[in-house]
Amino acid sequence: MLRSPLFWLSVVLLPFYAFALKAQFDLLHPDTTFPDGTVALGLNWDSLRLGLFYAMWTALAWSLLFIWLDRFRPQRPLVWLLTFLWGACASTWVSIYVNTWAGEAMNTTMANADMGSRAAIFIAPFVEEASKVTVLFLLVILYRVGIVSRLSIVALAGLSAVGFAFVENAIYYARAFVYGTNTIGIEDPMAEVMELVKLRGIYTSFGHPVFTMMIALGLAVALGARSKTVRVVAPLAGFVVGAGGHMLFNGVASSGGSAQLRPQWFMALALVAMLTIMMVLSVVAQTQLIRRRLGDYRRVGWLTDRDPVVFSAPFKRIKLHLAALFRGPRKIWPPTAKFMRRITELAYVREGMTRGTIGAGGDDRAREILHELEELRPTALTDTRGLTLFPPRRRKATSTAPPPQSPGAAGLGGNWPAP
């Protein structure tokens, strides 16, 4: 445990997350008086509980989607949790202070939820996107052996963005509730909150994940490239595209007017559709990569003929997981899941060696994985042929010997010898 980078990341990050949340609460809880005399009411516990409740469902839906996407070489749940909390705690902490400072520097003294449209358009996109993807660089540097596929990087980026959107939405919902309950002209504060929930929690909930995924794609290209120039330029290009899209999104949202927003809305939907198609194609490409690289080991006799077929097919992998869970969550499923993780890592190690991004140490790692696979194979489920999800019922053992006959004289039909 003391040699694990994840352990030391947890020791450092979890207290920092708690400090960041406490600092944000201290900033948002008291009332704020602006130089022009307007007052922004602080957030109380009731409004925060309301905001967290409605923001939770959007975060849960998107988190499950990205965890499902990270299924070929799934990360440990601790990595998912640290990444989500980075976006929810550290990224929001950095963004709220920098955006507040930028708003004051731009003389945005109006008491609104955005602290002025200029800071939201020209400052917030760059600050928020940089803070969200910082955790990816930390994981790549400190936990490089666990980040092997493009889908893993995209999924982790999405989780960080979902965590950021979770806290941001909760703050927006809480502010709307406080404003509605303290303004005489608003008859139903909950109706105002629900309108905001529909807008931020449903219609535009794709915003933060999409922009952060663009930066993650640039980082994924850099990790798979042999050129040092590409390794530097690709993440920067992804950041420019992601922050630029975020800037355009905030600018359109600040312009107002439903008729004016209609063309931009269709552009946003087209962007989401394009990224969805890209993710589907990435899944197909990953299946082909795994089958091709496992086939290298099959041809030399280190893997069976069925291994490349079974472990490159998403639905066969799901079937193995479910069948192992139903047969024994303690004895059968752990070796099956570990076998699946190791054989997938073997494919990506081989891919890195053929592309020249992994040095001579890849041979040693591949040898270790092959020995570990042989140890796991007797207890793990490794083939889907004839495999049912539920184990067959055990039948009571019955004797195959003929029933005993009545004793009689030897040679006269009895099967017991006469005395």
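The values are calculated or read from the model by the stated rules, or taken from the named source; none is laboratory data. No experiment lies behind these values; they were computed from the predicted model shown. Every residue, glycine as well, gets a Cβ built from its backbone with ideal geometry; the counts of neighbours run over all protein chains shown. Quick note on the areas: whole protein, heavy atoms, side chains included, nothing else; ligands and nucleic acids left out. Shrake-Rupley method; radii C 1.70, N 1.55, O 1.52, S 1.80 Å.
For region 50-66, does any single residue satisfy the condition of being over 26 Å from Glu195 (Cβ atoms) and part of a helix (DSSP H, G or I)? Walk me through how you get there before you give the answer.
So the first thing to find is which residues in region 50-66 are over 26 Å from Glu195 (Cβ atoms), and the list is 66.
When the remaining residues are screened for being part of a helix (DSSP H, G or I), the result is 66.
Yes, some residue in region 50-66 is over 26 Å from Glu195 (Cβ atoms) and part of a helix (DSSP H, G or I).
I want to confirm something. Restricting to region 15-41 and keeping residues that are more than 18 Å from Val167 (Cβ to Cβ) and of a type in the set (Asp, Glu), which single residue is modelled with the lowest pLDDT?
Asp36
Sort out which residues of region 370-385 are farther than 17 Å from Arg317 by Cβ and free of Cβ contacts under 8 Å to residues at least 60 places away in the same chain, and write them in order of number.
Pass one, region 370-385, residues farther than 17 Å from Arg317 by Cβ: 370-372, 374-375, 378-379.
Those that are farther than 17 Å from Arg317 by Cβ and free of Cβ contacts under 8 Å to residues at least 60 places away in the same chain: His371, Glu372, Glu374, Glu375, Pro378, Thr379.
For region 115-204, list the helices (runs of 4 or more DSSP H) that sit wholly inside it and hold at least 3 residues that are out of contact with any Gly (no Cβ under 9 Å at 6 or more places or on another chain); which are they? Quick ask: steps written out before the conclusion?
On the way: elements: 117-122, 124-142, 150-181, 189-198.
Output list reads 124-142, 150-181, 189-198.
Would you mind stating whether Phe339 is assigned to a helix (DSSP H, G or I) and either of a type in the set (Ser, Thr, Tyr) or surrounded by 17 or more Cβ atoms within 10 Å (Cβ to Cβ) (or both)?
Criteria met by Phe339.
State whether one or more residues within region 26-34 are of a type in the set (A, V, I, L, M), farther than 29 Å from Pro334 by Cβ and touching a helix residue (DSSP H, G or I) at 6+ places or on another chain (Cβ under 8 Å).
Of the residues in region 26-34, the ones of a type in the set (A, V, I, L, M) are 27-28.
With farther than 29 Å from Pro334 by Cβ added as a condition, the list becomes 27-28.
If we keep only those that are touching a helix residue (DSSP H, G or I) at 6+ places or on another chain (Cβ under 8 Å) as well, we get 27-28.
Checked against the condition, which is being of a type in the set (A, V, I, L, M), farther than 29 Å from Pro334 by Cβ and touching a helix residue (DSSP H, G or I) at 6+ places or on another chain (Cβ under 8 Å), region 26-34 yields at least one hit.
Tell me the residue from Ile332, Ile358 that is in contact (Cβ under 8 Å) with a residue 40 or more places away in the chain, out of contact with any His (no Cβ under 8 Å at 6 or more places or on another chain), hydrophobic (A, V, I, L, M, F, W, C) and open to solvent by 10 Å² or more (accessible area, probe 1.4 Å), please.
Values: Ile358 fails: in contact (Cβ under 8 Å) with a residue 40 or more places away in the chain.
Exactly one residue qualifies, and that residue is Ile332.
If you scan region 83-131, which residues turn out to be modelled with pLDDT of 90 or more, surrounded by fewer than 19 Cβ atoms within 10 Å (Cβ to Cβ) and of a type in the set (A, V, I, L, M)?
Across region 83-131, the qualifying residues are Val94, Ala130.
Looking for something within 18 Å of the chain's Cα centre (by Cα) and closer than 28 Å to Ala285 by Cβ - is there at least one such residue anywhere in region 10-30?
No, there is no match, as no residue in region 10-30 is within 18 Å of the chain's Cα centre (by Cα) and closer than 28 Å to Ala285 by Cβ.
Residues to consider are Leu196, Leu271; find the one that is open to solvent by 20 Å² or more (accessible area, probe 1.4 Å) and modelled with pLDDT under 85. Break it down stepwise before answering.
Details: Leu196 fails: modelled with pLDDT under 85.
Among Leu196, Leu271, only Leu271 is open to solvent by 20 Å² or more (accessible area, probe 1.4 Å) and modelled with pLDDT under 85.
Output the qualifying pairs, or none if there are none: Cβ atoms under 8 angstrom, residues six or more apart or on different chains, first residue in region 210-238 and in a loop (DSSP other than H, G, I, E, B), second residue among the charged types (D, E, K, R).
Gly224/Arg150; Gly224/Arg355; Ala225/Arg231; Arg226/Arg355
Considering Val210, Val241, which residue is modelled with pLDDT of 80 or more, under 13 Å from Glu129 (Cβ atoms) and open to solvent by 20 Å² or more (accessible area, probe 1.4 Å)?
Working: Val210 fails: open to solvent by 20 Å² or more (accessible area, probe 1.4 Å).
Step by step, each of Val210, Val241 is checked, and only Val241 is modelled with pLDDT of 80 or more, under 13 Å from Glu129 (Cβ atoms) and open to solvent by 20 Å² or more (accessible area, probe 1.4 Å).
Which of the residues that make up region 279-318 are open to solvent by less than 40 Å² (accessible area, probe 1.4 Å), touching a residue at least 40 places away in the same chain (Cβ under 8 Å), of a type outside the set (Val, Ile, Thr) and over 16 Å from Glu345 (Cβ atoms)?
Met279, Ser282, Pro314
Condition check: surrounded by fewer than 17 Cβ atoms within 10 Å (Cβ to Cβ) and at positive phi. Does Gly386 satisfy that?
Details: surrounded by fewer than 17 Cβ atoms within 10 Å (Cβ to Cβ): yes; at positive phi: yes.
Spelling it out, Gly386 is indeed surrounded by fewer than 17 Cβ atoms within 10 Å (Cβ to Cβ) and at positive phi.
Quick one: which of Glu372, Glu345, Glu351 is open to solvent by less than 50 Å² (accessible area, probe 1.4 Å) and more than 30 Å from Thr229 (Cα to Cα)?
Numbers: Glu345 fails: more than 30 Å from Thr229 (Cα to Cα); Glu351 fails: more than 30 Å from Thr229 (Cα to Cα).
It is Glu372.
Test each condition in (1) modelled with pLDDT under 90; (2) assigned to a helix (DSSP H, G or I) for Pro329 and report the one that comes out false.
(2) is the only condition that Pro329 fails.
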